[in-house]
Amino acid sequence: MNRKLRQTIFTHIGLILVAFILMAPVLFAFSKSTQTTAQIYHYPPTIGFGTSIVKNYATAWNEFKLGLYMKNSFIIAIIVTVAKTILSLLTGLALVYFDFPLKAWVFYFILFTLMMPTQILIVALFDLVSKMGMGNSYAALTMPFLASATGVFLFRQHFSSIPGSLADAARVDGAGPIRFLWSVLIPMSWNTIGALALIQFIYMWNQYLWPLVIIREGARQVIQVGLRSMTAQQDVTNWGVVMAGAILAMLPPLIVFLLLHEQFTKGFALGREK
């Protein structure tokens, strides 16, 4: 066995071990989601399929309204993802192809907002949204997140890597900024768009603190708060049902990741896309 073959074998073995370690919590949760309470608390612990898989998943979906919470999370995630992508495209276009006073400082200010997490603004946001009469609505869940400094940075860097001669040629042909964006920049930016869409969808799907604060009715609540309420609504926590809910909540972002993983990988190779 030559040295190159041994290195390949050891590399693959190492990667398999790392992948298994990373997947272990998910596999454990899935195993417990199929078990009864007695099987979960059995000593020594049992790893494998239990006898309550249908009951646990049906209980999580129906009795704890996870279907409703997932629908709410999906709606706000799609709204925010689409809005952030459009606004980031337009802002990136302005920062690269337009000249206006203090343009560099505007970009630096946008980057500065990356250091301001939503949590430190939550009191002011709550007061503002309440005074505008938007509390307990989809608008309250989406409007504070419609702009993205990350998206602006990605598109600004990507557009900067595109030859300026394309903009000059489009200008000579009589194409305006929006036509240039639609016909030239967007077709060349699908990887960046896919990367931003994946990031923002997962970010909004995992929202917990802001929906917990601003939403009072269960009919408007999101999946992460719904998962937390599963433990609060049970006198004795049925961890099989809770784990079933966690697995169900993981599926939409996993599907989106599988659909966009190639664009996600290529989208961060700024300036090296083909």
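Things worth noting here:
- Annotation note: of V123, V172, V129, the sole residue that is among the β-branched types (V, I, T) and either surrounded by 17 or more Cβ atoms within 10 Å (Cβ to Cβ) or closer than 23 Å to V82 by Cβ (or both) is V129.
- For K103: the one exception among (1) of a type outside the set (A, V, I, L, M, F, W, C); (2) touching a residue at least 12 places away in the same chain (Cβ under 8 Å); (3) under 30 Å from R179 (Cβ atoms): (2)
- A single entry from T36, T51 fulfils the requirement of being in contact with a Ser or Thr (Cβ under 8 Å, 6 or more places away or on another chain) and either over 30 Å from Q221 (Cβ atoms) or charged (D, E, K, R) (or both): T51.
- Of all the criteria given as (1) of a type outside the set (A, V, I, L, M, F, W, C); (2) under 24 Å from G218 (Cβ atoms); (3) crowded, with 17+ Cβ neighbours inside 10 Å, the one not satisfied by Y138 is (3).
- Which numbered condition I40 fails, given (1) farther than 23 Å from M250 by Cα; (2) modelled with pLDDT under 90; (3) touching a Phe, Trp or Tyr at 6+ places or on another chain (Cβ under 6 Å): (1)
- A29 assigned to a helix (DSSP H, G or I), farther than 30 Å from A170 by Cα, of a type in the set (A, V, I, L, M, F, W, C) and free of Cβ contacts under 8 Å to residues at least 12 places away in the same chain: no
- The helices (runs of 4 or more DSSP H) found entirely in the range 47-118 that carry 3 or more residues being over 15 Å from V152 (Cα atoms) are 53-62, 66-97.
- Any chance K65 is at pLDDT below 90, under 24 Å from the mean Cα position of the chain (by Cα) and closer than 20 Å to L141 by Cβ: yes
- Residue match in the range 126-133 (condition: in a helix (DSSP H, G or I), under 25 Å from the mean Cα position of the chain (by Cα) and touching a residue at least 24 places away in the same chain (Cβ under 8 Å)): yes
- Residue list for the range 47-56, restricted to those being in contact (Cβ under 8 Å) with a residue 60 or more places away in the chain and farther than 19 Å from P25 by Cβ: S52
- With respect to being within 24 Å of I79 (Cβ to Cβ) and out of contact with any Pro (no Cβ under 8 Å at 6 or more places or on another chain), L185 fits the description.
- Within the range 173-216, being closer than 23 Å to A249 by Cβ, touching a Phe, Trp or Tyr at 6+ places or on another chain (Cβ under 9 Å) and among the β-branched types (V, I, T) holds for I199, I202, V213, I214.
The values are calculated or read from the model by the stated rules, or taken from the named source; none is laboratory data. This is a predicted model, so every value here is computed, not measured. When we count neighbours, we look across all protein chains shown, and the Cβ atoms used for this are built from the backbone with ideal geometry, even at glycine.
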